[in-house]
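One structure is given below, encoded as structure tokens.
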Amino acid sequence: MTTELYNIALFVLFSFGLSVLLLAISFIITFDTKLDIEKSSAYECGFQPFSESRYQFEIQFYLIAILFLLFDIEILYLFPFALSFVSLSYASFIYLLIFFMLLFIGLFYEISRGILSFYKKK
């Protein structure tokens, strides 16, 4: 019990020390540069903003973001299966195949509906 707590404490201490060390090194190494007009310009999309910040996006961008999060979370459920793949029973392997089948059905449904395309079909 104490060795496990010791290992965890050592890991936390090492992680904290490494992050502080890397942060200190980045402050020491950085060059002292002055900001000019080009360095302080808009850089997110490569062009100057032409409208207000409350620009309405199309719903397609939100759908793609939600679908990305959904598939990302579903893939997260595969890690326990990957860790115990050798000792899986036949029933759990069937459940895993059903899970993959549902993922692929959802993906093909999204592709067939045109949700993942970035242009509008007219």
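Which ³J(HN,Hα) values, rounded to whole Hz and listed in residue order, are derived for the range 16-22 from phi using the Karplus coefficients 6.51, -1.76 and 1.60 in 6.51 cos²θ - 1.76 cosθ + 1.60 with θ = phi - 60°, glycine and proline given as x?
Karplus-based 3J(HN,Hα) across the range 16-22 equals 5, x, 5, 5, 5, 4, 5 Hz.
Per residue of the range 84-100, in order, report the coupling 6.51 cos²θ - 1.76 cosθ + 1.60 (Karplus, θ = phi - 60°) as ³J(HN,Hα) in whole Hz, putting x for Gly and Pro.
10, 5, 5, 9, 6, 7, 5, 5, 5, 5, 5, 4, 5, 5, 5, 4, 4
Where a number appears in this text, it was derived from the coordinates with a stated rule and is not lab data. Just so it is clear, the model here is predicted, and its values are computed rather than measured.
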